[in-house]
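Just so it is clear, none of the values below were taken in a lab; they were calculated from the coordinates. Note that the structure is predicted; figures quoted are calculated from it, not measured. For neighbour counting, all protein chains shown are included, and Cβ atoms are generated from backbone atoms with ideal geometry for every residue, glycine included.
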């Protein structure tokens, strides 16, 4: 998994009007919280956040949060609030995780290849589950789970139990949960 970093700075003021002033100056209010720390109010640059979210794309939202000259903290983007009409960000929540702490995170699943049923039986592949819940150390979080679907025929399903194994990664979803299905 490639490491993505975003710079953040502390903010002392909170509330609607202070947040509005931050947004007007090109910053996005944020908060970082974790098991062993008090929530901390931060700001991030809106352009950097947009670039970071574009780089993450449809992958696991794990980033390094760099505040000042200190050590970067491993964090998971828990929520990004967007304005319903304007193309702007309202707020971002980061959850800080320790490097030795097991975390549960949703990881996207991507089909790779063209299924036999799609190619030869005039079927379509349906993504039943776009993400699966995994538990592992932050350093072991896969950015995405790529699954070879070339052998799937019409009527076949691929289940969570058939997903590729990663060292130190445990799937938390039911093993019989379908991920992909080839249907007419």
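Measuring nothing but how far apart in sequence close Cα pairs (under 8 Å, 6+ apart) lie, relative to its length, the chain scores a relative contact order of 19 percent. Of 31, 6, 76, the sequence from fewest to most neighbouring Cβ atoms within 10 angstrom is 31, 76, 6.
Spin-label model, residue 157/residue 14: points 7 Å from Cα along the beta carbon direction are separated by 4.5 nm. Pull out a ≥ b ≥ c, the square roots of the eigenvalues of the alpha-carbon gyration tensor of the range 103-183, then state rounded if a/c is under 1.5, prolate if not and a/b is larger than b/c, and oblate in the remaining case. Here the range 103-183 falls in the prolate category.
Would you order 89, 116 from fewest to most other beta-carbon atoms within 10 Å of each residue's own beta-carbon? The fewest-first ordering by Cβ neighbours comes to 116, 89. Is the range 5-96 best put as rounded, prolate or oblate by its Cα gyration tensor, with a ≥ b ≥ c the root eigenvalues, rounded for a/c under 1.5, and otherwise prolate when a/b is larger than b/c, oblate when not? Verdict is oblate for the range 5-96.
Relative contact order, whole percent, for the range 5-96 stands at 32, derived from Cα pairs under 8 Å and 6 or more residues apart.
In this simple spin-label model, placing a label point 7 Å from the Cα along the Cα-to-Cβ direction at both residue 21 and residue 130 gives a separation of 3.8 nm.
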